[in-house]
Amino acid sequence: MDGPEAALRGFHVHIYFDPHELAAAQEFATRAKARFGCSVGHFHTRPVGPHPRGSCQLTLSPEQFGQFVRWAPSARGELTLFAHGLSGDDLADHSRHVIWFGQSEPLDLSIFG
């Protein structure tokens, strides 16, 4: 594969949640893991890295992500999902190679400075 798409070796999907949404986020992650076989990271109840609130990271291959994007818009309920490619350039991955499911939120990109 040639071109920019060849540089994305996978995707992270961050499930954003507030404290009262923790159970919904956990349930969404469980369903995603069962359906796609993706790995599920730690549930951070406070902002971590560039993320503005609690989050949990799903890691998907390009093939899994292609299926995930057809499922997630209706499966996410009221949760916001931030998805980004994995190119090795953290700033570009969090600013250019992004897809939002739900309303976008401001990220703290200064950490990639």
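The values are calculated or read from the model by the stated rules, or taken from the named source; none is laboratory data. Quick caveat: nothing in here was measured; it's all calculated off a predicted structure. Cβ sites come from the backbone with ideal geometry, for glycine too, and all protein chains shown count toward neighbours. All accessible areas refer to the heavy atoms of the entire protein, side chains included, with ligands and DNA or RNA removed. Shrake-Rupley method; radii C 1.70, N 1.55, O 1.52, S 1.80 Å.
Among the residues that make up the range 25-33, is at least one of them of a type in the set (D, E, K, R), outside any strand (DSSP E or B) and in contact with a strand residue (DSSP E or B) (Cβ under 6 Å, 6 or more places away or on another chain)? Yes: one or more hits. Evaluation of Asp93 against the conditions (1) charged (D, E, K, R); (2) more than 12 Å from the chain's Cα centre (by Cα); (3) surrounded by 13 or more Cβ atoms within 10 Å (Cβ to Cβ) shows that the sole unmet condition is (2). Scanning the range 96-113 for residues that are open to solvent by less than 60 Å² (accessible area, probe 1.4 Å) and closer than 15 Å to Val13 by Cα turns up His97, Val98, Phe101, Gly102, Glu105, Leu107. Would a scan of the range 84-92 turn up a residue that is among the polar types (S, T, N, Q) and over 22 Å from Ala7 (Cβ atoms)? The answer is no; no qualifying residue exists. If you go through the range 34-58 and keep only what is assigned to a strand (DSSP E or B) and open to solvent by 50 Å² or more (accessible area, probe 1.4 Å), you end up with Ser39, Val40, His44, Gln57. Selection of the range 70-90 for residues being exposed (fewer than 15 other Cβ atoms within 10 Å of the Cβ) and without any contact (Cβ under 8 Å) to a residue 40 or more places away in the chain yields Arg70, Trp71, Pro73, Ser74, Asp89.
Can you tell which of Arg76, Arg35, Arg9, Arg53 is under 21 Å from Ser110 (Cα atoms) and among the basic types (Lys, Arg)?
Values: Arg76 fails: under 21 Å from Ser110 (Cα atoms); Arg35 fails: under 21 Å from Ser110 (Cα atoms); Arg9 fails: under 21 Å from Ser110 (Cα atoms).
Of the residues listed, the single one that is under 21 Å from Ser110 (Cα atoms) and among the basic types (Lys, Arg) is Arg53.
Pairing each residue of the range 1-23 that is over 16 Å from Val69 (Cα atoms) and among the small types (Gly, Ala, Ser) with any residue that is surrounded by 13 or more Cβ atoms within 10 Å (Cβ to Cβ) and at pLDDT 95 or above, provided the two are 6+ apart or on different chains, yields C-beta distances under 7 Å for Ala7/Ser87.
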